[in-house]
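Notes for the one structure printed next.
The values are calculated or read from the model by the stated rules, or taken from the named source; none is laboratory data. Computed from a prediction, not measured in an experiment: that's the story for all the values here. Here the Cβ is made from the backbone with ideal geometry for all residues, glycine too, and neighbour counts use every protein chain on show. Side chains are part of the model used for accessible areas, which takes the heavy atoms of the whole protein and leaves out ligands, DNA and RNA. Shrake-Rupley method; radii C 1.70, N 1.55, O 1.52, S 1.80 Å.
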Amino acid sequence: MTSKVFPAIRKKMRFATCVSLQCDGAAPHTGKNTINLLNRSGKRSRKGVPTIHVTTQPPQSPDTNVNDLSFFASLTARVKRLQRGSSLWDTEQLVQNVREAWKKFPVPLLEKSFQTKSAIVQSI
């Protein structure tokens, strides 16, 4: 994450002063000291580079995670449409369909998902 994701975020979001990332509560994502290590790596190293702050999704709160809130369901529906007529056991076709659905995923719909999430978080 620190060698690929953080640099990509910093490159694309130079306009920001701080970027917040939210991990789910899965043990591999929150293992011993993982969040603290990521936050140390996310500290601003120079001016003009955003700080990256990592938090953990509250347990049993899918409504605070944009993936659980709407994105996965929408992407799954798109993949299922592409899968019609494909063998259930053809994993290569499934991977290809997921990639195609992601590539064609409408940006306005993704933006709306984040707006919905923000409204929910503000109301909590």
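Looking at the structure I just gave you, is Gly48 part of a loop (DSSP other than H, G, I, E, B) and open to solvent by 70 Å² or more (accessible area, probe 1.4 Å)?
Criteria not met by Gly48.
So that you can scan it fast, the table gives a plain yes or no per residue for (1) in a helix (DSSP H, G or I); (2) under 22 Å from Val121 (Cα atoms); (3) out of contact with any strand residue (DSSP E or B) (no Cβ under 6 Å at 6 or more places or on another chain):
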{"position": "Arg10", "(1), (2), (3)": "yes, no, yes"}
{"position": "Phe15", "(1), (2), (3)": "no, no, yes"}
{"position": "Leu21", "(1), (2), (3)": "no, yes, no"}
{"position": "Asn36", "(1), (2), (3)": "yes, no, yes"}
{"position": "Asn39", "(1), (2), (3)": "yes, yes, no"}
{"position": "Arg44", "(1), (2), (3)": "no, no, no"}
If Gly42 meets every condition in (1) small (Gly, Ala, Ser); (2) closer than 28 Å to Pro108 by Cβ; (3) in contact (Cβ under 8 Å) with a residue 24 or more places away in the chain; (4) in contact with a helix residue (DSSP H, G or I) (Cβ under 9 Å, 6 or more places away or on another chain) apart from one, which number is that one? (2)
The condition from (1) touching a residue at least 24 places away in the same chain (Cβ under 8 Å); (2) closer than 21 Å to Gln122 by Cβ that Ser74 misses is numbered (2)
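Looking only at the stretch 80-124, filter to residues that are in a helix (DSSP H, G or I) and among the β-branched types (Val, Ile, Thr); which one of those is nearest to Ser70 (Cα to Cα)? Spell out how you get there, then give the answer.
The first filter runs over the stretch 80-124 and keeps only residues in a helix (DSSP H, G or I), leaving 80-83, 91-103, 107-123.
When the remaining residues are screened for being among the β-branched types (Val, Ile, Thr), the result is 91, 95, 98, 107, 116, 120-121.
On the way: Thr91: 24, Val95: 20, Val98: 16, Val107: 13, Thr116: 9, Ile120: 12, Val121: 14 Å.
Among residues in the stretch 80-124 that are in a helix (DSSP H, G or I) and among the β-branched types (Val, Ile, Thr), the one nearest to Ser70 (Cα to Cα) is Thr116.
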Suppose we filter Pro59, Pro28 for residues that are modelled with pLDDT under 90, part of a loop (DSSP other than H, G, I, E, B) and under 25 Å from Met1 (Cβ atoms); which single one remains? Pro59
Residue by residue through the stretch 1-26, note down the ones that are open to solvent by less than 90 Å² (accessible area, probe 1.4 Å) and either among the hydroxyl-bearing types (Ser, Thr, Tyr) or more than 17 Å from the chain's Cα centre (by Cα) (or both). Thr2, Ala16, Ser20
Pairs, please: C-beta under 8 Å, at least 6 apart or cross-chain, first residue closer than 30 Å to Leu88 by Cα and touching a residue at least 40 places away in the same chain (Cβ under 8 Å) and in the stretch 98-124, second acidic (Asp, Glu) and loosely packed, with under 10 Cβ neighbours inside 10 Å? none
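Within the bounds of the stretch 62-84, is there any residue that is polar (S, T, N, Q) and surrounded by fewer than 10 Cβ atoms within 10 Å (Cβ to Cβ)?
Step one: list which residues in the stretch 62-84 are polar (S, T, N, Q), which gives 64-65, 67, 70, 74, 76, 83.
Imposing the further condition that a residue be surrounded by fewer than 10 Cβ atoms within 10 Å (Cβ to Cβ) reduces the set to none.
No, the conditions are met nowhere in the stretch 62-84.
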Could you please find all residues in the stretch 85-99 being among the aliphatic types (A, V, I, L, M) and open to solvent by less than 100 Å² (accessible area, probe 1.4 Å)? Leu94, Val95, Val98
